[in-house]
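Heads up: the structure comes next, in structure tokens.
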Amino acid sequence: MLSGYDCRVPVEDAVAVYPGRGLIFLVDDHGPAWAYFITGRSAASKARRVRAETDCLTVTPTTETAERDVLRHYACARWADDTLVVGNGDHVDVITAPLGRRVPLETIAEGIEPEPDPPIWTPRIALVAGSRSWFVSARRVGGEIVRALHALDDMRGLASVLTTYSAEASNPVADAPFAVVTESRGLQEMCGELFYSHLDENYRVLLVAGRLTSTSHPQVDCSFVLS
């Protein structure tokens, strides 16, 4: 299990300047909400956008002629019956299908692998949000794959944060811990200040956010996109 911590600081203090990909679960005055953000170093990593499909949000190339790369282009948010799944790769689909059949999340998590991108081995991270909400992670630690479930607090004024990397962009390290932080700002203000003030403009790609307005809504509620 990854080591976690509870820090009474703003969201930005729990996010490295180059976090790779990141998830936030926030409960503000309007209820529970989520955010997913992407930073990238290479031209291919930066050439991404989010599209709203019938039943999901997809990360796609910015040009129609770009060759599909499953590590960079995927469904990042999808409903599984009464639960929303948000994440940084095709494990969103790996989680969604069996979750809709009521397979236990602990069992599903055993089938998630880190990205095959040595030597970093980028972690797979996901938010599974419904009547109970969890962060799911799979990362390589000392040659072994460590999978973890983190129960998320639904108390107003708290935000849970999980990213793929810590350290600097020149040397990303796949060991960022799970954090619970205080957050007095609303969803859009928090996301805007995180994205435009904290994340380095040379690496930020996009941020998409929404609200858990219903646990039976057939479409993903995408409130806004920052890029």
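The values are calculated or read from the model by the stated rules, or taken from the named source; none is laboratory data. For clarity, every value in this text was computed on a predicted model and none was experimentally measured. Glycine also receives a Cβ, built like all others from the backbone with ideal geometry; neighbour counts cover every protein chain displayed. Side chains included, ligands, DNA and RNA excluded: accessible areas come from the protein's heavy atoms. Shrake-Rupley method; radii C 1.70, N 1.55, O 1.52, S 1.80 Å.
Filter the range 205-221 for residues that are within 19 Å of the chain's Cα centre (by Cα) and either modelled with pLDDT of 95 or more or open to solvent by less than 50 Å² (accessible area, probe 1.4 Å) (or both) and give the result. So that I can check it myself, show each step before the final result.
Here is the first cut: in the range 205-221, the residues within 19 Å of the chain's Cα centre (by Cα) are 205-213, 215, 219-221.
Once the filter is applied, which keeps residues that are within 19 Å of the chain's Cα centre (by Cα) and either modelled with pLDDT of 95 or more or open to solvent by less than 50 Å² (accessible area, probe 1.4 Å) (or both), the range 205-221 yields Val205, Leu206, Leu207, Val208, Ala209, Gly210, Arg211, Leu212, Val220.
Candidates in the range 1-51 are the residues that are under 24 Å from Arg204 (Cα atoms), in contact with a strand residue (DSSP E or B) (Cβ under 8 Å, 6 or more places away or on another chain) and open to solvent by 60 Å² or more (accessible area, probe 1.4 Å); of these, the one that is modelled with the lowest pLDDT is Pro10.
Tell me whether the range 151-170 contains one or more residues that are within 20 Å of Trp79 (Cβ to Cβ) and more than 16 Å from the chain's Cα centre (by Cα). Checked the range 151-170: at least one residue is within 20 Å of Trp79 (Cβ to Cβ) and more than 16 Å from the chain's Cα centre (by Cα). Note on the range 69-84: residues that are hydrophobic (A, V, I, L, M, F, W, C), modelled with pLDDT of 85 or more and out of contact with any helix residue (DSSP H, G or I) (no Cβ under 6 Å at 6 or more places or on another chain) total 4.
Yes or no: Trp121 more than 16 Å from the chain's Cα centre (by Cα) and aromatic (Phe, Trp, Tyr)?
Values: more than 16 Å from the chain's Cα centre (by Cα): yes; aromatic (Phe, Trp, Tyr): yes.
Spelling it out, Trp121 is indeed more than 16 Å from the chain's Cα centre (by Cα) and aromatic (Phe, Trp, Tyr).
Here Gly87, Gly130 are screened, and the one residue that is touching a strand residue (DSSP E or B) at 6+ places or on another chain (Cβ under 9 Å), among the small types (Gly, Ala, Ser) and closer than 18 Å to Thr39 by Cα is Gly87.
I need the full set of residues from the range 85-103 which are touching a Phe, Trp or Tyr at 6+ places or on another chain (Cβ under 9 Å), in contact (Cβ under 8 Å) with a residue 40 or more places away in the chain and not in a loop (DSSP other than H, G, I, E, B), in order please.
Filtering the range 85-103 for residues touching a Phe, Trp or Tyr at 6+ places or on another chain (Cβ under 9 Å) gives 85-93, 96, 100.
Still in the running and in contact (Cβ under 8 Å) with a residue 40 or more places away in the chain: 85-88, 91.
Selection gives Val85, Val86, Gly87, His91.
When the range 71-103 is filtered for residues that are open to solvent by less than 60 Å² (accessible area, probe 1.4 Å), among the hydrophobic types (A, V, I, L, M, F, W, C) and over 13 Å from the mean Cα position of the chain (by Cα), the ones remaining, listed by number, are Leu71, Trp79, Ala80, Ile95, Ala97, Leu99, Val103.
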